[in-house]
Amino acid sequence: MRHTISVLVENEFGVLSRVAGLFSGRGFNIESLCVAESLDPTISTMTIVTSGNDAIIEQVLKQLNKLINVIKVVDFKDVDYVSREMVLVKVNAEERTREEILRMTEIFRGKVIDVSPKTYTVMITGDEGKISAFLTLIKPLGIKELVRTGPIAMMRGDKTIKMREKHSKGGEDG
Amino acid sequence: MKKTGAQIFIEALKMEHIDTLFCYPGGATLNITDALSSSDIEQIVVRHEQGAVHASDGYARASGRVGVSLVTSGPGATNAVTGIATAYMDSIPLVIFTCQVPTMLIGNDAFQEADIVGITRPCTKHSYLVKDVKDLSRIIKEAFYIAKSGRPGPVLVDIPKDVSAALGEFKYPDKVNIRSYQPTYVGHVGQIKKAMKLLASSKKPVFYTGGGIISSGASNELIKLAERLSIPVTNTLMGLGGFPGNHPLFLGMLGMHGTYAANMAITEADLIIAVGARFDDRATGKVDEFGHLAKIIHIDIDPTSISKNIKVDIPIVGDSKNVLKKMLDIVLEDKEDFGNYSSRIAQWHHDTEKWKMDFPLTYGRSGLLKPQYVIERVCELTKGKAIVTTEVGQNQMWTAQFYKFQKPRTFITSGGLGTMGFGFPAGIGAQVAFPDALVIDIAGDGSIQMNIQELATAVQYNLPVKVIILNNRFLGMVRQWQELFYEKRYTWTHMNHAPDFVKVAEAYGAAGYRIEREDEVDKVLKEVFKNKRPTFVDVMVDPEESVYPMVPAGAPLREMLLV
C-alpha cells in the first residue's frame, strides 16, 4: 500500500543523505521525495511517498523517527489531507496540434510557461489522478520530456503538524 | 582567553571526565596530538586504527563508560570503520574522533581525504563534521550525550585540521537540548499492567534477555523478578553475564548454538518476556516458528527493535531496568495474582529441569585435546570471575557455552557484526579500564592474526592480557559448515601456514606458552594467570571438533543437531 509521509527535519547539511541512506540501506521503497525549507527556516519538510505492507511502513516510520535530526514524522494514512504535485511537460507543438495542447492546458487549468517554434512547455499542478489524466490525453501528441516534483501534502482544515512530540508516548510501540 | 580547537577538544574531554584515549597519529591529528603532550589524559597509542576503536569498545563494555578514540584522516578513518560498525551493531557507547583535511580542501580529493561522515553514516548512531571552532564544544557535548543515552551507540566527530588550529572561546554547555532527540526511559504504565496480567495467567513463561540488561544495568532487577516467580531465564550471546551462569533458573544461551533446554523452552513456552533483546536471526532460528505457542512481551528502549522481526503482543518502550523494577513492584504489592505463582508453574519448572538434565552441554572426551575442556578449566581456575573477551567463530561459541559468567560486563564479544580480530584489542581496552583484573581473550588461530599487531601495544603499556589461542589449524566455524553442508570440502579454511605463536609472542616481548596435552592444561594456565605479562598460550586442540548443539540456518529452534 502507498503511504504519503511528512518528515520534519533539522535544516542542516547531511540530513537528506541520512534519510535517503536509511531507505536504501534497509531496502525500503521510495517513490518520490520532495524537500524544502518550511515556515520555520531551521526546519525542512520532506514529503516522501513510499509503499509496503503494514509491518514495513511501521519500520519506515520508526526508523525515520530514530534519526537524530528528524524532529517529527507523520503518516497521512489516518488523517484527512490534501496533496498536490507539479509536472512540467515539453510537448511537440506542430501546427495541427497547437490548438489542442492549449485547449487541454486550459481544461486542466495549467499554463504554458515556455514556447519554442516546435514545442510548448506546459505546467500542471494537481493530485495524482488529475496529472495522470492530463498525461494520458497529451501523450498521443508527443511528449518530448517530462519532469515531476512528486507530491507534497498537508492536513486538511485548521490542523497542522504539531512540533513537540518526537518522543513516543512511552508505551505504544510507535 | 581564547583557546585553539585542539585545546578546546582537551578541555571538553575533561568536562566529560574522560581520562583515557585510544589513538593513532597522522598529519591531520598533529594539532591535537601536540596539545595532548601536556595533558594528563592517558593516551594509548595502538598499532592499527581498528585496534584503537575495538580497544575503546572493550573499555566501554567492561566499565560502562563511554569509550573514546582518535585517529587521523583518510586511511586512519577508514581503518576505524570496522570498529565503529562493530560497536553500532552491539549498541556500545563510543565517541570516535576522526581528524579531517582542512575545510578548504574538503571535496578536493586532497591527500589522505575521505568522506568519513558519509562512509560511516549507516553504522553510527549519529555523526558530525565540525566546520567552525565555535561549534566544537557544543558538538562534543552532544556527541557524548547521544552516545550514552537512549539505545547507546557510536558517534563520530570529524575535526578538520584548520578547526583544531583555529582560536575560539571555550564555553562548555551545561545541558544538551536536542529537540529532535528525546529517548523514552519510562515504560508506559498501562502497557506494564497489561503485561503483568498476561504474566499472571501464563503457565509456561520464559525470560529471553539480551544486551539491554547489561547496558541498562538491569541485572539485579532481572534476578529478583525471576527468583520471586521462579521463571526460567535464557540469554542471548549479548546478554550473557546479565543472569548468573550457574543459577538454577538459568537455561543457558538460546539460538543457533544454544542449549537444548533454552531452545525447547522458547518452543514450548506460552509466554516469552523479551527484555533488551532484538530477535536476531541467530537467536530466533526460523522466525515463523519462534515461540509460536507463546504470547510475547517485548521491553526495549528502541522502538525500531519492536515488531521488526517478530510481531509482539505487548510492546513496552522503555529502559529495561526501569520497566523491570516496576514489574517487580507490582509483584511485591499484588498478592492476589502472584501469590502462588511459582507453584502454579511447577510443571513447567519440572519440564525445563528435565531438558537441562537430559541434554546438558557436552562433548566427547576421547582422543585429542578438546577446546571445550580448555574453556571449562579456564572457567574453573578463574572461578567464573575473569573478564573474558572472545574473537569470533567456534572460540566465541564455546566460550559462551562453557564459561559460566557470573556478572554483567565480564563477557565481551562482537555479537552482531561478528568481527574477527575484536577480542584482543577489546581485551586491551578492558585491561586499561581494570588494570588489576584478570583479562582473558579466548581466540582462534585464525582470528588472532587479524589484530595480532596489538601485541606491541599490550607490551608497551604493560597490559597483561592473556590470549588463549584454541589452535585447530582451521577457520573452524566455516570448516564446520563445510563439514555439514558442503561435503567436507575444506576450501580456504585450512590454516596450514600459521606462525609459531609462542615465538611471535616472544618476538614482541610478551610471554608465550604452548599446551599440547590435557594434563598440561591446569599447570600452564595456573602459571599464566599468575604472571603479570601479556601472554599468548598456543593450545593445540582437536582440529575437527565442532560446536554443538547446532540449529542449521533457517531451521526452527527445536531442530537441533546434538553431539
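The values are calculated or read from the model by the stated rules, or taken from the named source; none is laboratory data. What you see is a predicted model, and the numbers here were worked out from it, not measured in a lab. Neighbour counts run over all protein chains shown; Cβ positions are idealised from the backbone, glycine included. These accessible areas exclude ligands, DNA and RNA; they are computed on the full protein's heavy atoms, side chains included. Shrake-Rupley method; radii C 1.70, N 1.55, O 1.52, S 1.80 Å.
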* To do: Step through the residues of the range B:202-212 one at a time and calculate ³J(HN,Hα) from phi using the Karplus curve (6.51 cos²θ - 1.76 cosθ + 1.60, θ = phi - 60°), rounding each to whole Hz and writing x for Gly and Pro.
  => 7, 10, 9, x, 9, 7, 10, 10, x, x, x
* Separation between Cα centres of the range A:36-87 and the range B:222-278, rounded to whole Å -> 39 Å
* Looking at the square roots a ≥ b ≥ c of the eigenvalues of the Cα gyration tensor of the range B:377-445, which shape do they give, rounded for a/c under 1.5, prolate if a/b is larger than b/c, or oblate? -> oblate
* Given +1 on the Cβ of Lys and Arg, -1 on the Cβ of Asp and Glu, and no further charges, what dipole in debye does chain B carry about its Cα centre, rounded to the nearest 20? -> 1120 debye
* Taking the range B:359-405 and dividing mean pair separation by its residue count, relative contact order in percent (alpha carbons under 8 Å, at least six apart) -> 48 percent
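How big is the dipole moment of the range B:286-347 about its Cα centre under a simple scheme where the beta carbon of each Lys and Arg is +1, that of each Asp and Glu is -1, and everything else is neutral? Debye, nearest 20, please.
140 debye
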* With r defined as the distance between the Cβ atoms of B:Lys194 and B:Asp281 and R0 fixed at 25 Å, what FRET efficiency is calculated, to the nearest 0.05? -> 0.35
* **Protection-proxy order for peptides B:235-245, A:80-90, B:288-298, each taking the mean of Cβ atoms within 10 Å per residue, highest first** => B:235-245, B:288-298, A:80-90
* Structure fact -> Which of A:Met163, A:Met154, A:Met123 fluctuates most in a GNM of chain A (C-alpha springs under 10 Å)? That residue is A:Met163
* Asked: How far apart, in nm, are the 7 Å Cα→Cβ label points at A:Lys118 and A:Arg84?
  -> 3.4 nm
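Relative to the compact globular guide of 2.2 N^0.38 Å, what is the alpha carbon radius of gyration of the range B:318-469, as a ratio?
1.35
Considering only the other residues whose Cβ falls under 10 Å of the Cβ of A:Ser44, what net charge follows from Lys and Arg at +1 and Asp and Glu at -1?
Local net charge: -4.
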* Asked: How large, in percent, is the carbon and sulfur part of the accessible surface of the protein assembly as shown at a probe radius of 1.4 Å?
  -> 53 percent
* Overall Cα dimensions of the protein assembly as shown, principal axis frame, Å, largest first -> 99, 66, 56
* Asked: Taking only pairs that are 8 or more places apart or on different chains, how many Lys pairs in the range B:122-196 have Cα atoms under 29 angstrom apart?
  -> 24
* Percentage, to the nearest whole number, of Cα pairs in the range B:82-177 over 20 Å apart -> 38 percent
* Applying 1/(1 + (r/R0)^6) with R0 = 22 Å to the Cβ-Cβ distance of B:Lys171 and A:Phe13, what FRET efficiency is obtained, to the nearest 0.05? -> 0.40
* **Diffusion constant of the range B:162-218 at 20 °C, which comes from Stokes-Einstein with the Kirkwood Cα-pair radius and 1.002 mPa s, µm²/s** => 128 µm²/s
* To do: Kindly provide log₁₀ I(q)/I(0) values, in the same order as q = 0.25 Å⁻¹, from the Debye equation applied to equal alpha-carbon scatterers of the range B:214-274.
  => -1.15
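Assuming 1.306 mPa s and 10 °C, estimate D for the range A:1-156 with Stokes-Einstein, Rh taken as the Kirkwood radius over Cα pairs, in µm²/s.
The estimated diffusion coefficient comes to 92 µm²/s.
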* **Pair-distance profile P(r), taking every C-alpha pair of the range B:508-563, with 5 angstrom steps and integer %** => 4, 15, 18, 13, 11, 10, 10, 11, 7, 1
* Asked: To the nearest 10 square angstrom, how much accessible area does B:Ile452 have with a 1.4 angstrom probe?
  -> 30 Å²
* To do: Would you work out if the range B:248-305 is rounded, prolate or oblate? Take a ≥ b ≥ c from the square roots of the eigenvalues of the alpha-carbon gyration tensor; rounded if a/c is under 1.5, else prolate when a/b is larger than b/c, oblate otherwise.
  => rounded
* Asked: Looking at chain B from every direction and averaging, what is the projected area of its Cα convex hull in nm²?
  -> 26.1 nm²
* the range A:34-124, Cα convex hull volume normalised per residue, Å³ -> 159 Å³
* Write down the radius of gyration of the range B:143-241 and its Dmax, each obtained from C-alpha positions, in Å. => 20.6, 66
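So if I place +1 on the C-beta of Lys and Arg and -1 on the C-beta of Asp and Glu, and nothing else carries charge, what would the dipole magnitude of the protein assembly as shown be about its Cα centre? I want it in debye, nearest 20.
Numbers: 85 positive and 85 negative charges, 219 e Å.
About 1060 debye.
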